[in-house]
Amino acid sequence: MWLETLQWVVAALGVLASTSPTPAPQLGASIFADLSPAELRAVRSFLLSQPELGLVADRGDSLASNSLFLVELQVPRKSQALQFLNGGSPRPPRLARAIVFFGEQAQPNVTEFVVGSLPRPSYYRAVSYKGRRPIPFAARPNTLLEYELMHRRLLELTEPLYRLLHDTTGYWYHNCSQRCLTFSDVAPRGLGPGERRSWLILQRLVEGHFLHPVGLELLLDHRSRDPRRWALQQLWYNGQYFASAQELAWRYERGELALARPPTPELLFSTYVPRGHFSTGTPTAVHGAKVCEPQGKRYRLQGNLVEYGGWRLALRLRSSAGLQLFDLRFNGERLAHELSVQEAVAFYGGSTPAAMQTKYIDSAWGMGTLAHELAPGIDCPEVATYLDAHHLYDAAGPVRYPRALCLFELPTGVPLRRHFDSDFRGGYRFYGGLEGQALVLRTTATVYNYDYIWDVLLYPNGVLEAKVHATGYVHATFYTPQGLRYGSRLHRDVLGNLHTHLLHYKVDLDVAGTQNSFETVDVRFENISNPWSAGERVVQPRLHRRPRRSERQAAFPFGRALPRYLLFSSPTQRNRWGHPRSYRIQYSSQAGRVLPRGWREERGVAWGRYHLAVTRHHEKEATSSSPYAQHDPWQPAVDFESFIRNDENIENQDLVAWVTVGFLHIPHAEDVPNTATPGNAVGFFLRPFNFFDEDPSVASRSPVIVRPQDPAFTHVAIQRWTPASPGPCISTEPFTYNGTYGQE
């Protein structure tokens, strides 16, 4: 068994021992590595072989079957992981998390299991979320099968509307072959627990169909496990509601409808095909600036271990929610146990039923599985290192997603630090500068119309930045004059609906150890006697420190000013100058509330009440959301408010920071063809604050120092630790892109 474990480790790392000068960190990082295709298949085969579960290998066209939905890594408990990483304890068992839809039972449900141990699983056990409430079947994420069945049922249900759609849009749904309509569905699927009713927006199936609504929205009830019982409950057409497709068709035949106008022939406005020109005439048909590596890569990737400058961390892309980093260290010291994406939401407003119902909670769509192929030279530089991902999510086996992540070193375009030391007589004493660079870890999540670009940047001065850009197409509805209260008209029949994006992160900080305290620091003005001028007063700022001793004191709701310094410190460790060694969270965000506190769906995103909440670490509070929040936000499986309701003491404890960032997006004409990234990036920094004795980037060999050697400044001494010329940097490889992914 020992030999088999060692062989598995080497295989998972995918490197030869001779290439690794530091094997121990690799072994440590591998406990956080995503499951391999072989491991995914092993878990699936084991669960299918358990007769009591009654799982089907191929569910066919039936929702009334017991099916395996998800398999991914079950991360080791933090205590186990740290005992192993710190030495002296055995490797934690390698486990899997599995989600099963039990649709065949009289009382169908969703159950999660832990399966162990890999590489040859031999047991499983059911697990529950905090509170132990079972997961209702209606709360399950949508599957590809359910979407296919929805499509088939719509082919039947829209038959009465063929003439209306054909005449007014030039496209149709029923019996379509060429000029077809498609649909976008919104969620949550109903107005309360147990419902599964979805509003569907019909759109022309063209490139960028999100911007081509035809003015018809349908409410489909698909709660039953028998698709033959699915029915349209309501329809909305061009500002009016109808009880059935037959009523709408009858009104059209009688000429009693205010009709949506058919499209006019013109260049497809939702396409990326260039049009127009810039006024200056400067060239755009040639390549712009590129990232190059004149002397090779300055980072190292071994398996899932990333090393760059002083940084070392473990990387994974979990199927359920996306990017997750573990064991983040700088110069050998652990700064955080975990930094991970937890959730992304977009809550909308509008005058159409679909718009007013749209409250997207994106982990329900498997954000990690939505990281499709990154395009070299566009999504990431050509010189980036690309990583594939493997997921078993709503599929009969592992699916390979090529180039799902990338790593690259980025010139920031601004010095990390610099100084021109003027002599104030037209000369200078010296110039010193350190070029600015950062290592970027990047993945994306295309949650239907929206594309999120998830970045983590590692800087050589011990600073980490977590950032997300929003791009992709806006979620648009059919324009009516009433809609202007909820957005902007983007085209003749298109309204871009206002919405708020919130992104949520977990940051399990371990600043100079697992025992940390949290305080906020800001300034207050004092009015004191002037000690050097009798009778005068001095008004000046002074530091105002406030230790936050309990979870409630460390929860900062939206609507109130966030203190400017948020410090996590070691109560026992101090730097050379006597300060507690600390790290600071610094925000770059314009986040606000998506709904009033306590209002129906808002319970499902209770974490979205706070800029920041600091809690004690508990294994039962591992995530702030779940895959079921989208379809049952009214009774969420994870109640984030319970994390702080007991108001535990957080002094000298193992602390977790829950960070919310976001922005309000009021779509505008420039969101056509789709939303650009400049100005649509939010995030936060982790910055050392007296953690070190000086800026640790002094260890970099990239600075340049210039010192004049004579009074006339005709001779200078240039001191540098890198070659004077980096040499040529030209890539001869042509652009390639495949874009496909499939089962292995």
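The values are calculated or read from the model by the stated rules, or taken from the named source; none is laboratory data. It should be emphasised that the depicted structure is a prediction, and the values quoted were computed from it without experimental measurement. Every residue, glycine as well, gets a Cβ built from its backbone with ideal geometry; the counts of neighbours run over all protein chains shown. Only protein heavy atoms, including side chains, enter the accessible area calculation; ligands, DNA and RNA are left aside. Shrake-Rupley method; radii C 1.70, N 1.55, O 1.52, S 1.80 Å.
Taken as Cα centroids, segment 478-516 and segment 229-288 sit 23 Å apart, rounded to the nearest whole angstrom.
Compared with the dominant principal axis of the Cα atoms in the chain, helix 37-48 is inclined by about 40°.
Only one residue of His715, Ala622, Ile650 has its Cα farthest out toward the positive end of the dipole of the chain, where Lys and Arg carry +1 and Asp and Glu -1 on Cβ, and that residue is Ile650. The 3J(HN,Hα) values that the Karplus relation (6.51, -1.76, 1.60; θ = phi - 60°) gives for segment 78-87 are, in residue order, 4, 4, 5, 4, 5, 4, 6, 5, 7, x Hz. Gly and Pro appear as x. Note on the chain: helix-only mean residue ellipticity at 222 nm, from DSSP H runs of 4+ residues weighted -39500 (n - 2.57) and normalised by residue number, equals -3000 deg cm²/dmol. Couplings for segment 591-601, taken from phi via the Karplus curve 6.51 cos²θ - 1.76 cosθ + 1.60 with θ = phi - 60°, read 6, x, 5, 9, 7, x, 4, x, 7, 5, 5 Hz in order; Gly and Pro are left as x.
Could you give the length gained on full extension between Arg229 and Arg251, defined as 0.36 nm per residue of separation minus the Cα-Cα distance, in nm?
Values: separation 22, 0.36 × 22 = 7.92 nm, distance 2.55 nm.
Extending this stretch completely gives an extra 5.4 nm.
Counting other Cβ atoms within 10 Å of each Cβ, which chymotrypsin sites (Phe, Trp or Tyr not before Pro) in segment 641-725 have at most 10 and sit in a DSSP loop?
On the way: sites: Phe643, Trp658, Phe663, Phe684, Phe685, Phe689, Phe691, Phe692, Phe713, Trp721; in loops: Phe691, Phe692, Phe713, Trp721.
Loop-located and lightly packed - Trp721.
Taking the Cβ-Cβ separation of Phe269 and Ala38 as r and a Förster radius of 56 Å, what is the calculated FRET efficiency to the nearest 0.05? E between Phe269 and Ala38, to the nearest 0.05, is 0.75.
The stretch between Gln540 and Arg600, if pulled fully straight at 0.36 nm per residue, gains 16.9 nm over its current Cα-Cα span. Starting from the Cα of Lys620, draw a straight line to each of the lysines and keep only those under 23 Å, dropping any in the same chain fewer than 8 residues away. Candidates past the 8-residue exclusion: Lys78, Lys130, Lys506. Placing a label point 7 Å from the Cα of Arg524 along the Cα-to-Cβ line, the residues of segment 533-555 whose backbone N sits under 16 Å from it are 539-548.
Between Pro37, Val75, Leu211, the Cα set farthest toward the positive side of the dipole of the chain (charges on each charged residue's Cβ, about the Cα centre) is that of Val75.
Using the Cβ-Cβ distance between Trp721 and Glu648 with R0 set to 35 Å, the FRET efficiency works out to roughly 0.10.
Once the chain from Val114 to Arg564 is taken as fully extended at 0.36 nm per residue, the excess over their C-alpha distance is 157.9 nm. Distance from the Cα centroid of segment 592-653 to that of segment 372-437 is 33 Å (rounded to whole angstrom).
Partner lysines whose Cα lies under 24 Å from the Cα of Lys290, excluding those fewer than 8 positions away in the same chain, are identified as Lys467.
Would you mind getting the accessible area per residue of the chain, heavy atoms of the protein chains only, 1.4 Å probe, in Å²?
Numbers: 33690 Å² over 744 residues.
Value returned for the chain: 45 Å² of accessible area per residue.
Of the GluC sites (Glu not before Pro) found in segment 519-588, those in coil by DSSP whose Cβ has at most 13 other Cβ atoms within 10 Å are Glu536.
Which FRET efficiency, nearest 0.05, do Arg492 and Thr412 yield, Cβ-Cβ r, R0 60 Å? Using R0 = 60 Å, I get an efficiency of 0.90.
Which loop trypsin sites (Lys or Arg not before Pro) in segment 556-642, with loop taken from DSSP, have no more than 14 other Cβ atoms within 10 angstrom of their Cβ? Please list the in-between numbers first.
Values: sites: Arg560, Arg564, Arg574, Arg576, Arg581, Arg584, Arg593, Arg597, Arg600, Arg603, Arg609, Arg616, Lys620; in loops: Arg560, Arg564, Arg576, Arg593, Arg597.
Answer by residue number: Arg560, Arg564, Arg576, Arg597.
Modelled spin-label separation between Ala676 and Lys620, with each label point placed 7 Å from Cα along the Cα-to-Cβ direction: 5.1 nm.
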